[in-house]
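The values are calculated or read from the model by the stated rules, or taken from the named source; none is laboratory data. For clarity, every value in this text was computed on a predicted model and none was experimentally measured. Don't worry about glycine lacking a Cβ; one is built from the backbone with ideal geometry, like all the others, and counts go over all protein chains shown. Side chains are part of the model used for accessible areas, which takes the heavy atoms of the whole protein and leaves out ligands, DNA and RNA. Shrake-Rupley method; radii C 1.70, N 1.55, O 1.52, S 1.80 Å.
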Amino acid sequence: MILDGIRTRDQIKAECLPRAQAVYKHTRRPPGLAVILVGSNPASQVYVRNKTKTAGEIGIYTETLSPDPSISTDDLLRLIRILNLRSEIDGILVQLPLPDHIDAQKILLAVAPEKDVDGFHPYNMGLLTTGRAGMRPCTPAGVIEILKRNDIPIAGRNAVVVGRSTIVGKPMALLLLEENATVTVCHSKTADLPGVCRTADILVAAIGRPAMVTADFIRPGAVVVDVGINSITDPQQAVEIFGADNLATFEKRGSQLVGDVHPGDMARLASAYTPVPGGVGPLTIAMLMRNTIEAAERRTGLC
Ligand code: NDP
């Protein structure tokens, strides 16, 4: 079974629409999202454009702030403090990565936890760790959504998460634990990584290495969630991963997206899997929208 992230995204978006309207009805203003984009990273610009476009479709007001790339950490902190105080802004998103001269940790810490729609603030991570309701990080929360909406049981299953980043791996492990899976977290120092991965009923790869998870990592019948988004530009690598038949398409485009799991091995061995593209990627933005609406509902007393 292919776990279709686009279908799930559309379901979540459709659920968000009446909730955004209810916020408007209650407060005479739409839910508001401020996006801070520093610098001209092309991928970040695409992500921000997609986020604001999706927000517009749902009826969320967005404001993109693009300060001069040379802005200091202190000046960016001041900008965030102003957004924290603005009543019509429910969510604040700082698009990562920030330029090297900015202290990203300080910036993320400055976002008011109730407006932290990315769910990265230590306060929200603490709520997650202690099993309390709060803003959940979008990508791992999206993974839980797609599993549940496709009736994939989580409770009692062995889940293996490869990757322990604050953005994906760690919160993913905690959310699976919250759903009563038995969770193992792997990283670059894990011994016998393929062997540990083969114990998984649910295998989540969040590594950032193209097609690293191959057949020897996947127990036949396992559910595989591929969080990775990697762009490859080497034709040799493209042939190794996608086969020679794909070369003409690859050469026309000049690059190709690939996840952290080998697509052919995943399709052959998994009982259900998220493709790349079209799997986890679309869910991240949908969950950001849901978090923004939830923030608005909480801040306006609707829930
Ligand atoms: P990070 O680089 O922050 O973390 C990568 C993790 O993978 C680390 O914990 C690292 O281990 C582990 N790792 C790296 N190499 C190996 C290895 N050889 N064996 C085992 N573990 C390894 O990445 P992110 O978590 O931010 O992102 C992971 C992937 O997910 C990327 O491809 C990214 O593009 C994608 N992503 C996709 C999103 C979406 O919307 N679909 C959103 C966010 C990310 P260690 O800690 O030991 O270094």
Number of positions in segment 155-168 that are touching a helix residue (DSSP H, G or I) at 6+ places or on another chain (Cβ under 6 Å) and more than 6 Å from the ligand (Cβ to nearest atom): 3
Search result, residues across segment 133-147 that are under 13 Å from residue 170 (Cα atoms), of a type outside the set (A, V, I, L, M, F, W, C) and open to solvent by 10 Å² or more (accessible area, probe 1.4 Å): 136, 139
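Results for (1) more than 30 Å from residue 134 (Cα to Cα); (2) within 16 Å of the ligand (Cβ to nearest atom); (3) open to solvent by less than 50 Å² (accessible area, probe 1.4 Å), shown as yes or no for each residue.
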{"position": "210", "(1), (2), (3)": "yes, yes, yes"}
{"position": "213", "(1), (2), (3)": "yes, yes, yes"}
{"position": "220", "(1), (2), (3)": "yes, no, no"}
{"position": "251", "(1), (2), (3)": "yes, no, no"}
{"position": "297", "(1), (2), (3)": "no, no, yes"}
Check on residue 185, within 16 Å of the ligand (Cβ to nearest atom) and either more than 14 Å from the chain's Cα centre (by Cα) or surrounded by fewer than 14 Cβ atoms within 10 Å (Cβ to Cβ) (or both): yes
Selection within segment 253-295 - within 16 Å of the ligand (Cβ to nearest atom) and either in a strand (DSSP E or B) or small (Gly, Ala, Ser) (or both): 255, 256, 257, 258, 259, 261, 273, 278, 279, 281, 286
Residue among 203, 247, 288 that alone is under 24 Å from residue 118 (Cα atoms) and out of contact with any strand residue (DSSP E or B) (no Cβ under 6 Å at 6 or more places or on another chain): 288
Pick from segment 222-241, criterion away from the ligand (no atom under 16 Å from the Cβ) and open to solvent by less than 20 Å² (accessible area, probe 1.4 Å), ranking: nearest to residue 167 (Cα to Cα): 223
